[in-house]
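Structure first, then comments.
Each value in this text was obtained by applying a stated rule to the coordinates, not by laboratory testing. Just so you know, these numbers come straight off a predicted model, no measurement behind them. Positions of Cβ are generated from backbone atoms using ideal geometry, with glycine treated the same way; all protein chains shown enter the neighbour counts.
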Amino acid sequence: MSSDHVPASMQRRVRERAALRCEYCGVSQEHQEATFHIDHVTPRSAGGKTSLANLALACVSCSLRKGPRRTAEDPSTGEPAALFNPRSDVWSDHLDASDDGRLVGRSPTGRATIELLKMNRPLAVALRREETVQAKGRSGA
């Protein structure tokens, strides 16, 4: 989504709140050339407001794949499932990160979101894996 309709002060607050990480796949802005998008979690076309309660920071890949969608098919059941909502859902209820950088869905919402947004695309997996290695190095683990 273009951030043209979101005031600069609101964009700054969304970025700070997200600690410059995609609130869907977890990739850091630090390793990306393209500036992350400010995403309307509930799309404006579905009545979503431009408010902090409805905005999330999204990498370009997640933002473009999500588009105006609010649901996707759960690949395990074929049933429709709500997409992960960074403003109201608890990440660990729906998603889990493995040491190898892959994300695993813990619920229909998690599985549908991972599949639709291609959250296990090779670059995202590599970046998450590298961050896990770096974090372990800092902690001495």
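Worth pointing out:
- Rounded FRET efficiency, nearest 0.05, which uses the C-beta distance separating residue 88 from residue 60 and R0 of 22 Å: 0.40
- For 5, 40, order by how many other beta-carbon atoms lie within 10 Å, fewest first: 5, 40
- The chain shape via C-alpha gyration tensor axes, a/c threshold 1.5: oblate
- Nearest-0.05 FRET efficiency for residue 79 and residue 17, computed from C-beta distance (R0 30 Å): 0.40
- Residues residue 98 and residue 49, FRET efficiency given R0 of 41 Å [Cβ-Cβ distance, rounded to 0.05]: 0.70
- With 0.36 nm allotted per residue and the present C-alpha distance subtracted, the residue 120-residue 5 stretch has 38.4 nm of extension available.
- Helix-only [θ]222 nm of the chain, DSSP H runs n ≥ 4, -39500 (n - 2.57) each, per residue, nearest 500: -10000 deg cm²/dmol
- For a modelled paramagnetic label at residue 69, 7 Å from Cα along Cα-to-Cβ, the residues of segment 80-96 in reach, with backbone nitrogen under 15 Å, are 80-85.
- Cβ crowding within 10 Å averaged over residues, with 81-88, 92-99, 45-52 ranked highest first: 81-88, 92-99, 45-52
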